[in-house]
Amino acid sequence: MASGFFAILDDIAALMDDVAVTAKLATKKTAGILGDDLAVNAEKATGFLASRELPVLWAITKGSFINKLIILPVVFLLNWLYPPAINYVLIVGGLYLAYEGVEKIIEFLFHKKKEGHEVVEETISEADKETAEKTKVKSAITTDFILSVEIVIIALGTVLEQKHPLTTQIITVSLVAFLATVGVYGIVALIVRMDDAGFKLIKKTNDKGFAAKIGHFLIAALPYIIKSLGVIGTVALILVAGEIFAHRIEYMHHILPDLSEILRKAIFGLAGGIVGLIIFGGIFKLYRLIKK
């Protein structure tokens, strides 16, 4: 009886060891997409009133966990029933990311508010603010869904290469997906609350000494970081889309030359931008036809 119990413990220990090693490999392989995921989601989670930043971020984080709960069983089921379907899902997601990235650029270039016609914050009703917030949260969760699909599939590909049993695959991929959400949104939370940390440092030191200077730096740097995240997040959307097309469309995967990482990223961005422009143009034409 005792020997059977210790045998079970030994099996569990071996399983956890396999999970730890494979999760480490999968995390390394997903590092690139996690960086893009961080940039995109940080941009999506900023731009709110200070009092709403953490509630909004928590709403997006919960949405991300729900995304993972939906994605994990579906991806394993598709991989069992019809593995090529995963590629098609990713390509559709890439089309959405490319469109969203290009839409942001076009909106920035051609739909700026004209001087003298800015909307005063106080004139916006609470209902409109709530609607705008819900819309942005929904957009963030949708984008997170697509990025989460890619993270889960990369992690699954890693465990399949190692030829681990199904139990190890499920635990490893689930762990990587969970750590991705906690890591990404944990860092985003630190970014959006930089100013609070700065104020606390200033108050604690009575605005004196090196710590107070750090506090002032954190407060002054936050607006610039948020603006830069908007640019980085938009670029990341297009880059991720282009990377999906390059890796998931067989023809593009073969015609891409063997170039340096920087040049390959530039080609991914160009591919994502072109596809996004085509989709945006098609949707715009369709909208004009419907309007007529």
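Ordered from largest to smallest accessible area (heavy atoms of protein chains, 1.4 Å probe), the residues 284, 145, 210 come out as 210, 284, 145. For the pair residue 109 and residue 203, the difference between a 0.36 nm per residue extended length and the Cα-Cα distance amounts to 29.8 nm.
Stretched out fully, how many nm does the piece from residue 69 to residue 81 gain, at 0.36 nm a residue minus the Cα gap? Provide the component values of the computation, followed by the final result.
Numbers: separation 12, 0.36 × 12 = 4.32 nm, distance 1.90 nm.
Between residue 69 and residue 81, full extension yields 2.4 nm more.
For segment 149-209, chymotrypsin sites (Phe, Trp or Tyr not before Pro) are listed when DSSP marks them as loop and at most 15 other Cβ atoms sit within 10 Å of their Cβ; the list is empty. Pairs exceeding 28 Å between alpha-carbon atoms, taken from 200/227; 136/213; 134/227; 136/285; 104/213: 136/213; 104/213. If R0 equals 45 Å, the separation of the Cβ atoms of residue 221 and residue 290 corresponds to a calculated FRET efficiency of about 0.50.
Per-residue extension of 0.36 nm, minus the Cα-Cα distance of residue 131 and residue 163, leaves a gain of 6.8 nm for this segment.
The values are calculated or read from the model by the stated rules, or taken from the named source; none is laboratory data. Note that this is a predicted model, so its numbers are computed, not measured. As a convention, Cβ positions derive from the backbone with ideal geometry for all residues, glycine included, and neighbour counts pool all protein chains shown. We work out accessible area using only protein heavy atoms, side chains counted, and drop any ligands, DNA or RNA first. Shrake-Rupley method; radii C 1.70, N 1.55, O 1.52, S 1.80 Å.
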